[in-house]
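For reference, the structure is listed below as structure tokens.
The values are calculated or read from the model by the stated rules, or taken from the named source; none is laboratory data. Since this is a predicted model, take the numbers as computed values, not measurements. Note that we place each Cβ from the backbone using ideal geometry, even for glycine, and neighbour counts take in every protein chain shown.
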Amino acid sequence: MTVTDISQGKRFLAQGNVYLPHIAVIEKVIDETPGVRTFHFNFKDEKLRAEFTFESGQFGEYSVFGVGEAPFCISSSPTRRDHLEFAVQQVGRVTNALHRLGVGAEIGFRGPYGNSFPMNFLEEKNLIFVAGGIGLAPLRSLIWNVLDNRNKYKKIDIIYGARSPSDLCFKYDLDSWNKDKTVDMVTTVDKGDESWTGREGFVPQVLEQVAPPAQNAVAIVCGPPIMIRFTFPVLGKLGFTPEQMITTLEKRMKCGIGKCGRCNVGNLYVCRDGPVFTYAQIKKFISTEY
């Protein structure tokens, strides 16, 4: 089993200057957790709004004017075109500036950048989505893409966890997936509070307990690097080959076009050659971080 169609997607760059962003307007802000917000936005240019396309797994560079820019995946699905979404964890100067913005604020966007999840390869497969914390954001785009084309895919398992109940992102999606009879949904937290009645345990441990079969299956993983690192061996134990494991190296993204050199891993640039890779590819340039 091999992946042959992890490919580069379209890029809507400002003509003549690859660093010049398009202007977009924030239309909605959702507080996901105490430190994570989701932003809905649309381009001011109506022509661009109508023509813009992207693929699940791609990302953009989002800028707060006068502060700077930072890369985040597009967390909405390309099957839903009324707006675009991205999720931001409050950790630094740009993310703090983004968190201060409200509805009607203007931001910059350039992209989409990077490759995407291999949709053709995933067809007619059993899909296992394994996510931790805000790592659900890029998988969320793919999950809704798959569910909006449900007849193309076999069994779907979603295993998602966070440190605590308050750290679970996209609770409205978790509720929808729980209610979907075509999806097997498992939600876990490292440690519950007095109101938590669900499963407790780290994501890799819960994955091993659920033990989805590897036959005709692909596992798509995203979360904190330490979670990814401990999830791959569990998948291997369950019979998944490296070609059956896919992840997205979100933490490695920088300038978007592979010019600054800060995203390089060996001779590859995550912004340009990723961020989506199979574990077979990662094993060739694996570092101690992953």
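Could you run through the range 237-278 and say how many residues are outside any loop (DSSP other than H, G, I, E, B), of a type in the set (Val, Ile, Thr) and either modelled with pLDDT of 85 or more or in contact with a Ser or Thr (Cβ under 6 Å, 6 or more places away or on another chain) (or both)?
Residues that pass the stated criteria total 6.
Residues of the range 205-236 being assigned to a helix (DSSP H, G or I), of a type in the set (Val, Ile, Thr) and under 13 Å from ILE158 (Cβ atoms), which ones?
Correct list: VAL206, VAL210.
Count, please, the residues in the range 84-94 that happen to be crowded, with 17+ Cβ neighbours inside 10 Å and under 21 Å from LYS171 (Cβ atoms).
Of the residues in that region, 6 qualify.
Would you say GLU85 is free of Cβ contacts under 8 Å to residues at least 60 places away in the same chain and over 30 Å from ARG150 (Cβ atoms)?
no
Is there a residue in the range 129-151 that is over 18 Å from the mean Cα position of the chain (by Cα), in a helix (DSSP H, G or I) and modelled with pLDDT of 95 or more?
Yes, there is a match, as at least one residue in the range 129-151 is over 18 Å from the mean Cα position of the chain (by Cα), in a helix (DSSP H, G or I) and modelled with pLDDT of 95 or more.
Being farther than 24 Å from PHE202 by Cα and either surrounded by 15 or more Cβ atoms within 10 Å (Cβ to Cβ) or in contact with a Phe, Trp or Tyr (Cβ under 8 Å, 6 or more places away or on another chain) (or both) is the requirement here; does ASN149 meet it?
The answer is no for ASN149.
Scan the range 35-45 and give yes if some residue there is outside any strand (DSSP E or B), outside the structural domain of GLY133 (by TED's automatic domain parsing), modelled with pLDDT of 95 or more and hydroxyl-bearing (Ser, Thr, Tyr), otherwise no.
Looking through the range 35-45, none of the residues is outside any strand (DSSP E or B), outside the structural domain of GLY133 (by TED's automatic domain parsing), modelled with pLDDT of 95 or more and hydroxyl-bearing (Ser, Thr, Tyr).
Is it the case that GLU51 is at pLDDT below 95 and not assigned by TED's automatic domain parsing to the domain that holds VAL146?
Spelling it out, GLU51 is indeed at pLDDT below 95 and not assigned by TED's automatic domain parsing to the domain that holds VAL146.
Would you say LYS181 is in contact (Cβ under 8 Å) with a residue 24 or more places away in the chain and assigned to a loop (DSSP other than H, G, I, E, B)?
When the stated conditions are applied, LYS181 does not pass them.
Just one of the numbered conditions (1) assigned to a helix (DSSP H, G or I); (2) within 26 Å of ALA70 (Cβ to Cβ); (3) at pLDDT 95 or above is not true of GLN281; which one?
Evaluating GLN281 over (1) assigned to a helix (DSSP H, G or I); (2) within 26 Å of ALA70 (Cβ to Cβ); (3) at pLDDT 95 or above leaves (3) as the failure.
Which is within 21 Å of THR187 (Cβ to Cβ) and free of Cβ contacts under 8 Å to residues at least 60 places away in the same chain, of ILE128, ILE156?
ILE156
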